[in-house]
Amino acid sequence: MLIDTPQFGKKHRLHERIIESVMFLFALFSMLITVGIVVILTRESFLFFSDPKVNLVGFLTGRDWQPMIDQFGFLPLLNATFTTSIIAMLLGIPVGLFVAIYLAEYANDRMRGILKPTLEVLAGIPTIVYGYFALTFMTPLLRSLFGQSRVEIYNTASAGLVIGILVLPMIATMAEDAISSVPKELRLAAYALGGTKIETTFKVVIPAALSGLSATFLLALSRAIGETMVVALAAGAGPKLTANPFKAAETITGYIVRISGGDVSYNSVDYNSIFALGLVLFLITFTLNLVSRKVSTIFHQEYE
Amino acid sequence: MQSSLAFGSEENVLSLMEKRRKVSLIWQVVFLLATSLAILFLVLLLFSIIDSTFGYAALAYEVEPSSLVEGRQHLSEFSRLQLEETARSRLSSGILRRVEYEKPIADRSDKDLTALLEQYVVKPSVLRTWGLWESLTNQDEIEMYLQEQDQAVLTFKNWLTFDFLFADQSANPLYAGIRTALLGSLWIILITFLFAFPIGVGSAIYLQEYAKPNRLSRLLQLNIFNLSAVPSIIYGLLGLAVFVRAMEGLTSGSVFSTTVDTTANGRTILSGGLTLGLLVLPIIIINTQEALKAVPDSLRMSSYCIGATKWQTTWGQVLPVSIDRILTGTILALSRALGETAPLVVIGASTFISVDPSGIFSKFTTLPIQIYQWSARPQGAYRNVAGAAIIALMILLMILNSSAIIIRDRLSKKKRMEA
């Protein structure tokens with residue numbers, strides 16, 4: 001007599017299938033967020049550009065952003081965004097990288113025990129607190145260093161430097177990961193050839209970790225470009241095309257916050273304009289994130 | 001001899017060695033300096049906040065306390081009898097009637113009476129404030145300022161008091177408090193948690209336990225990493241268009257009942273919580289995935305061996321051993337939500353409300369928004385109030401984070417006991 005084979009058919013596992021489908025839908029939800037972002041930003045931007053007062057060429061090349069007199073050139077906003085981000089990178093990248101090298105190559109366990117929590121605390125502080133710091137500490141400091149008349153109360157330098165401090169823990173942590181994951185054999189080989197510690201670090205370890213490090217820097221740049229509260233508080237209101245970091249200038253994020261913080265009526269040019277600028281911001285940061293990810297996967301292929 | 005040929009004479013070799021040693025040393029100093037700089041930044045940041053929370057303030061009284069009772073400079077020096085008498089004689093009849101109606105003056109505490117007199121009779125206003133550092137080191141300048149302003153009275157002010165935590169907003173920085181903002185923040189993260197936790201953990205379980213390594217799962221994974229790096233202000237724009245505008249009926253509560261106060265126009269706690277939920281979702285997914293990855297495969301295999309199904313294995317074995325890490329990761333994500341400002345400003349959080357939020361369809365303000373509003377004001381005293389609010393926010397974050405650590409320790413101990 002044949003023994004009945006146990007039935008593992010789908011019928012008996014209906015609830016398993018249901019649970020799996022529900023989980024799958026949850027996972028798809030994150031996809032929906034991205035689709036939502038893209039659809040909404042493009043739809044509202046389309047409304048913005050279909051307004052008779054606005055045209056795409058004027059938007060991309062115009063040197064004036066003054067919605068009051070129908071001037072919609074985004075260069076002043078973009079310029080301020082890049083000014084603050086570049087200043088942030090000038091502070092954040094070297095200091096962050098050096099902290100990372102110190103952590104990975106030099107620090108003993110006790111120092112790491114102090115430094116790691118310090119970086120975690122810095123990373124956990126809300127950005128609004130950094131904005132407050134820029135306004136109450138960095139700006140007065142810059143004004144007393146470079147002269148009250150030269151440095152305006154609101155300026156991009158102060159905001160940029162504080163964003164640099166803000167991205168520092170992120171750079172240090174990620175760069176340390178990149179440096180630590182360089183195989184030990186590479187270092188030992190360099191020592192065997194008579195290299196000093198610093199020569200090994202700069203000529204062997206850093207080049208080997210380069211793709212991981214560049215990925216870190218790109219991500220930090222993306223973070224700095226998207227940073228909002230620091231610039232909203234410290235960089236000033238009113239778009240202005242200026243190369244002088246001691247002058248006030250409004251960034252893309254600062255503008256979005258200022259306009260949406262006031263009372264905007266739906267379907268006005270102002271309302272649509274923040275979405276168009278949001279789209280610009282999304283495209284820039286999204287590209288940086290994608291490139292950063294691509295660059296860091298190259299690294300993994302090299303050593304695995 | 002070969003090496004000396006390659007590098008020149010012995011002296012050259014020695015000087016080269018010396019140079020290399022020096023370069024090494026210099027760089028080591030540079031690394032150490034950079035590290036000290038990072039620590040210095042943290043110290044300065046904390047210092048600047050504490051500096052503005054404590055310090056001297058020059059107040060001006062509309063009615064001098066000394067004119068109420070001879071020889072008393074401060075309300076705190078008044079005796080009980082003097083307080084009651086002043087209250088009866090100086091409060092305007094309308095206010096007196098209301099006060100007596102709420103609670104008779106004879107039954108009120110000294111502190112209560114002092115506050116009443118301050119608010120309605122003495123009416124102090126802030127002329128100027130100094131930070132803690134200036135208060136301690138720059139006494140001369142403060143003295144000079146006081147001599148110029150003859151009616152100014154100097155007091156050492158601690159801006160972070162219990163009254164500050166429980167008072168609502170006020171146009172006078174001396175009476176401003178953070179109660180509405182604190183309640184708003186707590187409501188918001190409650191909604192954020194309820195929305196993002198199930199979806200986040202569910203997605204992570206799918207990606208980690210169920211998904212086959214195909215194109216779709218890779219795409220989902222890449223998408224989650226990208227979302228986690230999207231600037232928070234973009235989520236604000238998404239929330240504005242979807243929750244505040246498109247789903248206004250739902251988020252303002254007008255679909256459910258006609259009696260709901262609809263002045264919020266969808267700019268409600270529900271919209272804010274959902275927006276922040278979208279923001280922290282990728283973080284929760286990534287943290288949960290890490291927690292699930294840490295569960296050894298042998299556990300899953302043994303579960304399958306005794307005939308458990310996939311879901312029985314996940315629910316009965318994998319989740320119980322990873323729940324501590326999942327909760328810790330979620331709490332860290334929520335503390336991110338607690339500190340977020342930009343998305344909530346974009347969806348239109350209220351700037352000035354003095355009514356406590358009563359439910360998910362209320363208008364709201366949160367602690368970071370309050371800090372933003374106060375910091376942006378030109379009057380100096382609001383900077384001090386903002387500093388105090390920042391300390392309150394950081395203490396709240398600290399409580400949240402330490403609860404994460406406690407949960408982790410407690411649960412992992414329990415796990416060890418069971419094992």
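The values are calculated or read from the model by the stated rules, or taken from the named source; none is laboratory data. Quick caveat, the model's predicted, so the values are computed rather than measured. Don't worry about glycine lacking a Cβ; one is built from the backbone with ideal geometry, like all the others, and counts go over all protein chains shown.
Points worth noting:
- Answer from B:198, B:213 - the residue that is over 23 Å from the mean Cα position of the chain (by Cα), closer than 24 Å to residue B:331 by Cβ and surrounded by fewer than 16 Cβ atoms within 10 Å (Cβ to Cβ): B:198
- Residue in segment A:30-48 that is facing chain B (nearest Cβ under 10 Å), in contact with a Pro (Cβ under 9 Å, 6 or more places away or on another chain) and either farther than 28 Å from residue B:280 by Cα or hydroxyl-bearing (Ser, Thr, Tyr) (or both) present: yes
- Residues considered: B:323, B:360, B:286, B:353. Of these, the only one that is more than 14 Å from chain A (Cβ to nearest Cβ), touching a residue at least 60 places away in the same chain (Cβ under 8 Å) and closer than 30 Å to residue A:17 by Cβ is B:323.
- Against the list (1) surrounded by fewer than 24 Cβ atoms within 10 Å (Cβ to Cβ); (2) β-branched (Val, Ile, Thr); (3) touching a residue at least 24 places away in the same chain (Cβ under 8 Å), the condition residue A:200 fails is (3).
- For segment A:94-144, taking the residues that are surrounded by fewer than 23 Cβ atoms within 10 Å (Cβ to Cβ) and in contact with a Ser or Thr (Cβ under 6 Å, 6 or more places away or on another chain), the one that is farthest from the other protein chains (Cβ to nearest Cβ) is identified as A:142.
- The requirement of being surrounded by 15 or more Cβ atoms within 10 Å (Cβ to Cβ) and either over 30 Å from residue A:122 (Cβ atoms) or modelled with pLDDT under 90 (or both) is fulfilled somewhere in segment B:5-20, by at least one residue.
- Of all residues in segment B:181-196, one or more are within 11 Å of chain A (Cβ to nearest Cβ) and either without any contact (Cβ under 8 Å) to a residue 60 or more places away in the chain or not hydroxyl-bearing (Ser, Thr, Tyr) (or both).
- Matching entry among B:260, B:295 (being assigned to a loop (DSSP other than H, G, I, E, B), modelled with pLDDT under 95 and out of contact with any helix residue (DSSP H, G or I) (no Cβ under 6 Å at 6 or more places or on another chain)): B:260
- Residue within segment B:144-164 that is β-branched (Val, Ile, Thr) and either more than 30 Å from residue B:344 (Cα to Cα) or at pLDDT 85 or above (or both) present: yes
- Residue A:298 falls short on exactly one of the conditions (1) under 23 Å from residue B:343 (Cβ atoms); (2) in contact with a helix residue (DSSP H, G or I) (Cβ under 9 Å, 6 or more places away or on another chain), and that condition is (1).
- Of the set (1) more than 9 Å from chain A (Cβ to nearest Cβ); (2) crowded, with 24+ Cβ neighbours inside 10 Å; (3) closer than 30 Å to residue B:255 by Cα, all apply to residue B:348 but (1).
- Residue match in segment B:125-139 (condition: crowded, with 21+ Cβ neighbours inside 10 Å and of a type outside the set (A, V, I, L, M, F, W, C)): yes
- Answer from A:136, A:127 - the residue that is under 17 Å from residue B:51 (Cβ atoms) and among the hydroxyl-bearing types (Ser, Thr, Tyr): A:136
- Residue in segment B:227-247 that is more than 21 Å from residue B:335 (Cβ to Cβ), among the polar types (S, T, N, Q) and assigned by TED's automatic domain parsing to the domain that holds residue B:364 present: no
- Check on residue B:271, at negative phi and within 11 Å of chain A (Cβ to nearest Cβ): no
- Restricting segment B:27-55 to residues that are closer than 30 Å to residue B:150 by Cα and either touching a Leu at 6+ places or on another chain (Cβ under 6 Å) or of a type in the set (D, E, K, R) (or both), the residue that is surrounded by the most Cβ atoms within 10 Å (Cβ to Cβ): B:53
- Near pairs, Cβ below 6 angstrom, 6+ apart or cross-chain, from segment B:22-46 (closer than 30 Å to residue A:128 by Cβ) to any residue that is among the β-branched types (Val, Ile, Thr): B:34/A:95; B:34/A:99; B:35/A:99; B:37/A:95; B:38/A:99; B:39/A:118; B:41/A:165; B:42/A:118
- Matching residues in segment A:260-269 - criterion: being more than 10 Å from chain B (Cβ to nearest Cβ) and within 22 Å of residue B:369 (Cα to Cα): A:265
- Filter result (of a type in the set (S, T, N, Q) and modelled with pLDDT of 90 or more) within segment A:241-262: A:251, A:253
- Flag if residue B:383 is modelled with pLDDT of 90 or more and facing another protein chain (nearest Cβ under 10 Å): no
- Filtering segment A:159-196 to residues that are more than 13 Å from chain B (Cβ to nearest Cβ) and among the β-branched types (Val, Ile, Thr) leaves only A:182.
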